[in-house]
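Here is the structure we will look at, set down as structure tokens.
The numbers here are math on the coordinates, done by the rules we state, and not lab data. Nothing here was measured: the structure is a model prediction, and the numbers come from that model. Heads up, the Cβs are rebuilt from the backbone with ideal geometry, glycines too, and the neighbour counts pull from every protein chain shown.
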Amino acid sequence: MFAQTVKIDKTGRLTLPKPALDALGAQGADEKEIVVELTDAGVVLKPAPAATPITERIAAMNLPVADWEHMEREIETGGVR
């Protein structure tokens, strides 16, 4: 567990301590998305889930095609007839 007091500047920004950045996977990153969750207990910061590449999402659909070439033919012809 980690706790540290930080200040919020006039524009509403705050600087997270290194252990918090490390926990979020943001240390050294150019840009990193995080989830800001408001709870009854306060604010929770969590790493944003990684976006799944489109090819993995398509593969997970179990489409009725054997391979990419078959899929391209199905798209070109308008699907299975």
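Here are a few things to note about the model shown:
- Residue order, fewest to most surrounding Cβ atoms within 10 angstrom, among ILE75, ILE34: ILE75, ILE34
- Loop-resident sites, region 12-76, for trypsin sites (Lys or Arg not before Pro), counting at most 15 other Cβ within 10 Å (DSSP): ARG13, LYS32
- Rounded if a/c under 1.5, otherwise prolate or oblate - the chain, Cα gyration tensor axes: prolate
- Residue-averaged 222 nm ellipticity for the chain, from DSSP H runs of 4+ at -39500 (n - 2.57), nearest 500: -7500 deg cm²/dmol
- Contour excess over end-to-end distance, with Cα ends at LEU38 and VAL6 and 0.36 nm allotted per residue: 9.7 nm
- From phi via Karplus (6.51, -1.76, 1.60), per-residue ³J(HN,Hα) for region 11-18 in Hz, x at Gly/Pro: 8, x, 8, 9, 9, 7, x, 3
- Shown for region 1-48: lysine pairs separated by 8 or more places, or found on different chains, whose C-alpha atoms are under 15 Å apart, numbering 4.
- Between helix 68-77 and the chain: long-axis angle, C-alpha atoms, 0 to 90°, nearest 10: 70 degrees
- Charge dipole (debye, nearest 20) of the chain; +1 at Cβ of Lys and Arg, -1 at Cβ of Asp and Glu: 500 debye
- Among the GluC sites (Glu not before Pro) within the chain, those in coil by DSSP and having at most 11 neighbouring Cβ atoms inside 10 Å are GLU31.
- Taking PRO64, PRO47, PRO19 as the candidate residues, the one with maximal mean-square fluctuation in a Gaussian network model of the chain, Cα springs under 10 Å, is PRO64.
- Here the Gaussian network model covers the chain, with springs between Cα atoms less than 10 Å apart; of ALA26, ALA50, ALA59, ALA59 fluctuates the most.
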